[in-house]
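Data first, discussion second: the structure below is written as C-alpha cells.
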Amino acid sequence: MLEIEWAGVRVERLDGISTILIWSDDDRPLLRQALRAVGMDDMPVRYLDGDGIPARMAARKRLA
C-alpha cells in the first residue's frame, strides 16, 4: 500500500516482539486504515521519535 510505503513504516523486533515503527507526525487515520487492510492492525505500534527506540532505527527516510 502506497500510504504505508510513503510513511516509512517499518517492522522491527523490539524486546522480542515484532513492532510497527512509525514517526508520530505520520500517524493518521489513512495510515491506520492501510495497516488494517494488510492485516497489521493487531501489531503493537511505537513511534520512532518516542522513548526507548534505538538511535539506529530512528533514521528518517522518505520515498522520492
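The values are calculated or read from the model by the stated rules, or taken from the named source; none is laboratory data. What you see is a predicted model, and the numbers here were worked out from it, not measured in a lab. Don't worry about glycine lacking a Cβ; one is built from the backbone with ideal geometry, like all the others, and counts go over all protein chains shown.
Here are the numbers for the structure shown:
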read-out	value
Every residue from the stretch 44-56 that is of a type in the set (A, V, I, L, M) and either within 11 Å of the chain's Cα centre (by Cα) or at pLDDT 90 or above (or both)	Val45, Leu48
Selection within the stretch 28-57 - in a loop (DSSP other than H, G, I, E, B) and surrounded by 15 or more Cβ atoms within 10 Å (Cβ to Cβ)	Met40, Leu48, Ile53
Subset tally (residues that are of a type in the set (Ser, Thr, Tyr) and within 10 Å of the chain's Cα centre (by Cα)) for the stretch 1-43	2
